[in-house]
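The values are calculated or read from the model by the stated rules, or taken from the named source; none is laboratory data. Since this is a predicted model, take the numbers as computed values, not measurements. Glycine also receives a Cβ, built like all others from the backbone with ideal geometry; neighbour counts cover every protein chain displayed.
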Amino acid sequence: MDNVEQILKSAKSKIDTANSKQELYNINSNYLGKNGELNQILKGLKNLPAQDRPKVGEVVNKCRNEIENLIRQKILMFDKIELDNKLSNEKVDITIPVKPCKTGGIHPVTIIQNDLIDFFIKKGFEVKSGLDIETDYYCFEALNIPKNHPARDAQDSFYFDDETLLRVHTSASQVRTMELQKPPIKMVSTGMVYRVDEVDATHSPIFHQFEILVVDENVTMCDLKGMLEDIAKFLLGENTEIRLRPSYFPFTQPSAEVDVTCPHCKGKGCSICKQSGFIEVLGCGMVHPNVLKNCGIDSEKYSGYAIGLGLDRFIMTKYGINNIRDLYENDINILKQVK
Ligand SMILES: [Zn+2]
């Protein structure tokens, strides 16, 4: 009994002076563990007279409970101190200024593309994106581009095999539409197109087109010219004028290049427009009767016009960007100037 008394006293004083949870775990195993001091006493019970054993056992258990309780309370106390320290150290200082967060923006090509799509949807046009991988037939044959045309050369286009290639223009989706729909047809096709070109200041193997097609009865060059004026004013402002120059494309006849008032000098003449006051932005023409025939449309009854705009070149012209690579190198300082 005296031993138990001694053990309790010494355990209490060690618990009192313990400075860490680890110390408490050690005290726990020294006094209450398998080889702990209390167990040693229990092991010695068998040497005591039978009538004394329950009494000693009871005192040992009482002592064990008391030590356990004291250790548990002190561990809880350490836990609380630990938590309090953590909370006071980790408190958020709302007075620290935050770094401004930079957000990305919509790419200039997509901005112009979306603006044009809105413009044409309001005019009742359908929007088609078409297929990136097309066949020789839809890219060339149906569009009246003869076998010996340079665009059909493997050196100018990305062929997968003799019949399949990455589209060289978005016109292929116009053919697909004309095959499936009867006139009147009012559609725009837009997306990426691919040509074998070394990257330099004005060339890129990938660029973007926006094409417009109208096929109906009695469509004339007057309708085409009216539409070109609308587009030019929409893209570059109300005072923009257009100028048509005769040109040649296999899929239109007659064909024209379209110049617009230089947006930099407003037509007065500057280095960008080479003092002419005009810059070239579009190609267009009346749909070639062969193209209509290839698509099963009666070219005696119906006529149409087609307009093609290179979005990348247009953006370069409008914003005075000299290098097409600036549009694709993710230089935020350049891209954010184009709104
Ligand atoms: Zn100019």
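When ASN19, ASN28 are checked against the criterion of being closer than 27 Å to LEU76 by Cα and in contact (Cβ under 8 Å) with a residue 12 or more places away in the chain, ASN28 stands alone in meeting it. Exactly one residue out of SER276, SER255, SER271 is within 30 Å of ILE145 (Cα to Cα) and polar (S, T, N, Q): that is SER255. Within region 284-298, residues that are on the phi < 0 side of the Ramachandran plot and among the acidic types (Asp, Glu) reach partners that are at pLDDT 95 or above and not in a loop (DSSP other than H, G, I, E, B) with beta carbons closer than 9 Å, at six or more positions or on different chains, in the pairs ASP298/LEU292. Annotation note: of LYS336, LYS266, LYS318, the sole residue that is farther than 19 Å from ILE112 by Cα and either in contact with a Pro (Cβ under 8 Å, 6 or more places away or on another chain) or not aromatic (Phe, Trp, Tyr) (or both) is LYS266.
Count of region 243-271 residues, restricted to those that are within 16 Å of the ligand (Cβ to nearest atom), more than 34 Å from the chain's Cα centre (by Cα) and surrounded by fewer than 20 Cβ atoms within 10 Å (Cβ to Cβ), is 8.
For region 270-324, a residue qualifies if it is of a type in the set (Ser, Thr, Tyr) and touching a helix residue (DSSP H, G or I) at 6+ places or on another chain (Cβ under 6 Å), and the qualifying residues are SER299, TYR305. When you look at ILE67, is it of a type outside the set (Gly, Ala, Ser) and touching a helix residue (DSSP H, G or I) at 6+ places or on another chain (Cβ under 7 Å), yes or no? The answer is yes for ILE67. For region 225-242, filtered to residues that are in contact (Cβ under 8 Å) with a residue 60 or more places away in the chain and surrounded by 19 or more Cβ atoms within 10 Å (Cβ to Cβ), the residue that is nearest to the ligand (Cβ to nearest atom) is LEU236. Scan region 245-254 and give yes if some residue there is touching a strand residue (DSSP E or B) at 6+ places or on another chain (Cβ under 6 Å) and among the β-branched types (Val, Ile, Thr), otherwise no. Yes, that holds for at least one residue. Has region 211-226 got any residue that is basic (Lys, Arg) and over 19 Å from VAL287 (Cα atoms)? Within region 211-226, not a single residue is basic (Lys, Arg) and over 19 Å from VAL287 (Cα atoms). Checking ILE81, ILE145 one by one, the residue that is assigned by TED's automatic domain parsing to the domain that holds SER189 and among the aliphatic types (A, V, I, L, M) is ILE145 and no other. Pairs, please: C-beta under 8 Å, at least 6 apart or cross-chain, first residue farther than 13 Å from GLU241 by Cβ and in region 263-277, second more than 8 Å from the ligand (Cβ to nearest atom) and in a loop (DSSP other than H, G, I, E, B)? Filtered contacts from region 263-277: HIS264/GLY320; ILE272/GLY320. Among strands (runs of 3 or more DSSP E) entirely within region 105-221, having at least 3 residues that are within 23 Å of TYR302 (Cα to Cα) and either in contact with a strand residue (DSSP E or B) (Cβ under 8 Å, 6 or more places away or on another chain) or not β-branched (Val, Ile, Thr) (or both) singles out 126-128, 185-194, 206-217. Checked against the criteria, LEU282 does not count as more than 14 Å from the ligand (Cβ to nearest atom), within 19 Å of THR190 (Cα to Cα) and touching a Pro at 6+ places or on another chain (Cβ under 9 Å). Taking every residue in region 312-326 that is in contact (Cβ under 8 Å) with a residue 24 or more places away in the chain and surrounded by fewer than 20 Cβ atoms within 10 Å (Cβ to Cβ) and pairing it with any residue that is among the small types (Gly, Ala, Ser) and assigned to a helix (DSSP H, G or I), at least 6 positions away or on another chain, yields no pair with a Cβ-Cβ distance below 6 Å. Scanning region 222-246 for residues that are in contact with a Pro (Cβ under 9 Å, 6 or more places away or on another chain) and at pLDDT 95 or above turns up just one, PRO246.
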